[in-house]
Each structure stands twice: as structure tokens, then as C-alpha cells.
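Read the structure below first, then the notes.
FYI, it's all coordinate maths here, none of it is from the lab. None of these values were measured; they are calculated from a predicted model. Glycine gets a Cβ as well: all are built from the backbone with ideal geometry, and neighbour counts include every protein chain shown.
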Amino acid sequence: MLTQEQLEHFRALLEQERAAIEARTRQREARIPATVREPDDVADTADEASMLEEREQAIIENDLDRDTLAKVERALERVQEGSYGISEVSGRPIPIERLEAVAWATTLVDEQPPDES
């Protein structure tokens, strides 16, 4: 079991990660409209292809961040519920080293998360 001090440490890490993800997403979303130009504004097809590629990359990165954000939110819920740091698969404690590396981890390294079985 994690101590109250450890739980507060991980809660702070998770909240920092949530804020960082939200900031990155906002920055990307602000840039996406800038990649869409009126047909007259596009100098050539290479410019247009570059803009489309940049837009697609931003969308992919936002999707990945949204997925991670959902995991961070779930980890914060688990802190509130008192189940943070316990594997959702085996019920065994997740090592501190793993939580330091991936604060939103819900399983041990060698376990398959329940939603990916």
C-alpha cells in the first residue's frame, strides 16, 4: 500500500500530466486552422501537401493525447477511490518504480490491461 505522502506525490504528477496534455492539445488545435488555406492562398501542391500532413499529424497527436488523458483521469479517480497503485488484473501492488515511470499504470509490467485482452 502507498503512504498518504506517496499518494499525494502521484496525484501531483498526474495533475501535472493532465495540465501538460491539455496545454499541448490546445496549442495543436489553435495551429490546425492555420494549416487550412483558401484555394487561392496555396502556392503549389507541395505546400498544400505539407499543410495537410501537418494537420494530419496534429490530429494523430491529439488522439494519442486524448487516450493518455483518459488514462490519467482514471488514475486520478483511482487515487480518490483508494485503489491507485493496485493492479486491476491481479490485485497486487504496482511497484513504485513503474508508477514513477508511468503514473497512470493500472497493471504490472507483465500483465495485460483488462481492456486490451
Query raised in the report: Suppose R0 equals 25 Å; then what is the FRET efficiency for residue 63 and residue 90 from their Cβ-Cβ distance, rounded to the nearest 0.05?
Result: 0.25
**Report entry** Acute angle (nearest 10 degrees) that the helix 45-81 long axis makes with the longest principal axis of the chain, alpha-carbon atoms
**Finding:** 20
Report summary line: Extension length gain for residue 19 and residue 74 (0.36 nm per residue less Cα distance), in nm, is 18.3 nm
Report task. Any chance you could run the full-extension gain for residue 29 through residue 47? It's 0.36 nm times the residue separation minus the Cα-Cα distance, nm to one decimal. Result -> 4.5 nm
Query raised in the report: Counting only the backbone N, which residues of the stretch 62-79 are under 20 Å from the spot 7 Å out from the Cα of residue 8 toward its beta-carbon?
Result: 76-79
Query raised in the report: What percent do you get for the relative contact order of the chain when only Cα pairs under 8 Å and 6+ apart count?
Result: 29
**Report entry** Mean shadow area of the stretch 4-86, taken as a quarter of the surface of its Cα convex hull (nm²)
**Finding:** 6.2
